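*Asks:* This is the structure I have questions about; it appears just below.
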Amino acid sequence: MRVIGGTWGGRRLLGPPRGATARPTTDGVREAVFNVLGGRVQGARVLDLFAGTGALGVEALSRGAVHATFIEADRGLCQTVSTNLQTVECPRERFAVHCTRVRNALRKMSEPFDLVFMDPPYGQELEVDALAILAERDLVAPGGLVVVEHSSRAALQLPASAGDLCARVDQREYGDTAVTLYERVAPAAQPEITATSQGRTAVYAGSFDPPTCGHVDIIRRASALFDHLVVAVAGNVRKNALFTPEERVELLREVLRDDPRVEVERIDGLLVDYARQRGATAIVRGLRAVGDFEYEFQMACMNHHLAPTVETVFLMTAQEYFYVSSSLVKEVATFGGDVTPFLPEPVRQRLAARLAQRTP
């Protein structure tokens, strides 16, 4: 046995000690494998499982791998691995040799490898167990390769649990030996919710107890200005509410269900925090009269201080709803006044039913 290429090319390697059952990878198969790997070895962190004499890991180190970890259960073979590393004068910091079973070794590992060699005894399906643990413990780096040597007389069955770990990229046969290469599939990037990925998003918040035609007017006009509008129902309202937050969300969804650009959600906590969480670029506020402006201006300044990238957009309420507010509508309805012009019909019906329940 010898090192085929790289820094130590031509150096002789020890074979298995007398009595060992190891079946070393032949020089010809090893050369073919590394020809397929090409530049993928350079700078790689290598794991040599069922290492035997360590020929695969030593070859990788010779060709530019930065580190190799050898796992072999047989003590005599472990000594052979160490001797071969000494023969090529490999620096001690570039390798680690563990004399233990593959399963036990993998269970203790946490850092991923760029290149994994696996040459187990044929017919025992040890490679299936090892692949499953590699997947479970995420021990193959994204884009990394797993090279499995196995009998060409039996198809290699990838365990179901490793399906998301690797995709088979190559398989070659050399007489009784087959070599299958798997590549770690990089996880799909999770899209970040931002103004560019979802369009221009705005948030229109309020207590909406109950939602009035004035609210709906602002919502309709704001949804025409932005690609996506979130109507945020405040759940932490201090005043005594007639409808629960969940009921107000339900009412708004019923009234606005014809507009796919509008979404209704309950929120608790700071509005600017929620806006940033949703990737919103603007907070929409409605102004009914000059008296509203001073308070809204103070809130806009505070929100801009807390979230400089979130602007406040003021929309004037339509003229017919200047004097309409949720509290005023509830008061009129409580004394039997007609609030039909001020409320969407589903809201008017729910308000009448709720007030009827409260009548002694």
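*Asks:* Can you tell me which residue in the range 58-99 is surrounded by the fewest Cβ atoms within 10 Å (Cβ to Cβ), limited to those that are among the acidic types (Asp, Glu) and assigned to a loop (DSSP other than H, G, I, E, B)?
*Replies:* Top of the filtered list is 89.
*Asks:* Looking only at the range 79-106, how many residues end up being touching a helix residue (DSSP H, G or I) at 6+ places or on another chain (Cβ under 7 Å) and under 23 Å from residue 144 (Cα atoms)?
*Replies:* Result for the range 79-106: 7.
*Asks:* While we're looking at this one, here's another question. Could you tell me whether the range 74-84 includes any residue that is farther than 24 Å from residue 134 by Cα and of a type in the set (Val, Ile, Thr)?
*Replies:* Yes, the range 74-84 contains at least one residue that is farther than 24 Å from residue 134 by Cα and of a type in the set (Val, Ile, Thr).
*Asks:* For the subset of the range 114-172 comprising residues that are in a strand (DSSP E or B) and basic (Lys, Arg), which member is modelled with the highest pLDDT?
*Replies:* Per the criteria, the residue is 172.
*Asks:* Inspect all residues belonging to the range 261-275 and state whether any of them is exposed (fewer than 15 other Cβ atoms within 10 Å of the Cβ) and either more than 45 Å from the chain's Cα centre (by Cα) or of a type in the set (S, T, N, Q) (or both).
*Replies:* no
*Asks:* How many residues does the range 209-226 hold that are assigned to a helix (DSSP H, G or I), within 15 Å of residue 249 (Cα to Cα) and over 36 Å from the mean Cα position of the chain (by Cα)?
*Replies:* Looking only at that region, the number is 2.
*Asks:* Could you check how many residues of the range 15-52 are buried (at least 18 other Cβ atoms within 10 Å of the Cβ), of a type outside the set (D, E, K, R) and outside any helix (DSSP H, G or I)?
*Replies:* Of the residues in that region, 10 qualify.
*Asks:* Going by the conditions given, is residue 347 within 27 Å of residue 278 (Cβ to Cβ), crowded, with 19+ Cβ neighbours inside 10 Å and β-branched (Val, Ile, Thr)?
*Replies:* Judged against the criteria, residue 347 is a match.
*Asks:* Ok, one more. Out of the range 240-258, which residues are touching a residue at least 40 places away in the same chain (Cβ under 8 Å), part of a loop (DSSP other than H, G, I, E, B) and surrounded by fewer than 19 Cβ atoms within 10 Å (Cβ to Cβ)?
*Replies:* none
*Asks:* Select from the range 303-335 the residues that are among the aromatic types (Phe, Trp, Tyr) and more than 18 Å from residue 293 (Cα to Cα) and list them in ascending order.
*Replies:* 335, the sole residue that qualifies.
The values are calculated or read from the model by the stated rules, or taken from the named source; none is laboratory data. None of the values given here were measured: they were computed from a predicted structure. Neighbour counts run over all protein chains shown; Cβ positions are idealised from the backbone, glycine included.
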